[in-house]
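Heads up: the structure comes next, in structure tokens.
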Amino acid sequence: MTVGIVLVSHSSALAGAVAELAGELAGPEVAVRPAGGTDDGRFGTSIELIAAAVRSAESGDGVCVIMDMGSSVLTAKTLLVDLEDEDDPPRVRLADAPFTEGAVAAAVLASTGQDLDAVVDSAEGAWSMRKL
Amino acid sequence: MGFDTETAVAWIDTAATVVKADEARLTALDAAIGDGDHGANLVRGLTAAVAGIAEKEPSTPGEVLVVAGRGIVAKTGGASGPLYGSALRRAGKALGDTTDADAVQLGAALEAMLTAIVELGSAAEGDKTMVDALGPAVRAFNDLAADGASLPAAALAAADAAEAGLAATIPLQARKGRASYLGPRSVGHEDPGAASTALLLRALAEVTA
């Protein structure tokens, strides 16, 4: 089992494409699930889509959630509060990370079987990966 | 009469009505410095709140606000969803099991709304957000409530303070949300979140009058 990754974006296409890219680089063991757009297909954020993606990504080792900005962040934070009220909630952490780079860093590390804290650290470490 | 179940339902109903009536204005404000969806998003969220209340038939004012908040979180789609939704849920929990909140109890619930928004959005007064309307409104409400004023008087003062807070956002430069990317170009516009907050507090003043 590996840590699951959930990607929350205002855009369904963006979340889906980054999930595909990160999943390709990480390999098939890592569940990378997109939660993009609203539940009726508009740009925006849906707490229900994020909750469903978390359930789908969770295999017992926890879920690292990476958000793009704005309402994605606020809605993911709200979901964490909601999960506190559940019996036996999945272990979920939000990574404060750049969206694409963080998703790839998290997914690749998750593929090595590292734990949730290490995967979140890997996503957040993407800020310091210089390109030039 | 204080803030009972019927009044709480009327607040959410009236909020939905006034936001719908002002949807174009909110959207125009948001189109100037945001992404132009605040009016439509909030109408969607409040419509879900009204539907949730009709379905669940909550029996206390606190439960009304929790149910309304849940609908707003689920269906709004923009940042105002988690912000207003969490705020109403926190306010509802602050009211507890009371069936008829007095001014002091409602003031504590409004304070809980403000705390929820500040915590979730990490915004402070002066950032050009809904906090610039809600902060002064909650202070005005609680100042009067602490002096023993009636609930309608406190709610009226809160609505006036929210509208003054909204006007005061015009010269501010945004430090949160999409508008913050505009830097100095966000100056000279009312903040749409502060505008919707002012509508919600005017609705509260109307239903408690």
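Just need the Rg to Rh number for the protein assembly as shown, please, alpha carbons only, Kirkwood Rh. Each step should come with its number before you reach the end.
Details: Rg = 20.8 Å, Rh = 20.5 Å.
Radius of gyration over Kirkwood radius for the protein assembly as shown works out to 1.01.
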Relative to the Cα centre, what is the charge dipole magnitude of the protein assembly as shown, using +1 at the beta carbon of each Lys and Arg, -1 at the beta carbon of each Asp and Glu, and rounding to the nearest 20 debye? 960 debye
Value of D in µm² per second that Stokes-Einstein yields for chain A, Kirkwood Rh from Cα pairs, at 37 °C (0.692 mPa s): 233 µm²/s
Determine the residues within segment B:68-89 where the difference in accessible area between the chain on its own and the full set of protein chains amounts to at least 30 Å²; count protein heavy atoms only and use a 1.4 Å probe. B:73, B:74, B:75, B:77, B:79, B:82, B:89
Accessible area lost on pairing A with B, both sides, 1.4 Å probe, Å² to nearest 100? 1200 Å²
Inverse of mean 1/r across different Cα pairs in segment B:3-208, Kirkwood, Å: 16.4 Å
Can you tell me the orientation of helix B:23-33 relative to chain B, as the angle in degrees between its alpha-carbon axis and the longest Cα principal axis, to the nearest 10? 40 degrees
If Rh is defined by the Kirkwood formula over all Cα pairs and Rg also comes from Cα, what ratio Rg/Rh do you get for segment A:1-50? 1.02
Mind grabbing the accessible area of residue A:12 for me, 1.4 Å probe, Å², rounded to tens? 80 Å²
Using the Kirkwood radius over C-alpha pairs as Rh, can you work out the diffusion coefficient of segment B:1-94 via Stokes-Einstein at 25 °C, viscosity 0.890 mPa s, in µm² per second? 188 µm²/s
Can you tell me the accessible area per residue over segment A:4-128, all protein chains present, probe 1.4 angstrom, in square angstrom? 43 Å²
Distance cut-off 18 Å, Cα to Cα: go down the list B:56/B:93; B:93/B:128; A:131/B:176; B:128/B:176 and report the pairs above it. B:93/B:128; A:131/B:176
Whole-Å distance, taken between Cα centres, linking segment A:3-20 and segment B:118-191: 34 Å
If you roll a 1.4 Å probe over the heavy atoms of the protein chains, what accessible area per residue do you get for segment B:69-127, in Å²? 34 Å²
Average Cα contact separation per residue, chain A, under 8 Å, 6 or more apart, as relative contact order %: 30 percent
Ignoring ligands, DNA and RNA, what percent of the accessible area of the protein assembly as shown is carbon or sulfur (1.4 Å)? 56 percent
From the protein chains alone at 1.4 Å, what is the descending order of accessible area for B:196, A:122, largest first? A:122, B:196
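The values are calculated or read from the model by the stated rules, or taken from the named source; none is laboratory data. Note that this is a predicted model, so its numbers are computed, not measured. Glycine gets a Cβ as well: all are built from the backbone with ideal geometry, and neighbour counts include every protein chain shown. Note: areas computed on protein heavy atoms with side chains; ligands, DNA, RNA excluded. Shrake-Rupley method; radii C 1.70, N 1.55, O 1.52, S 1.80 Å.
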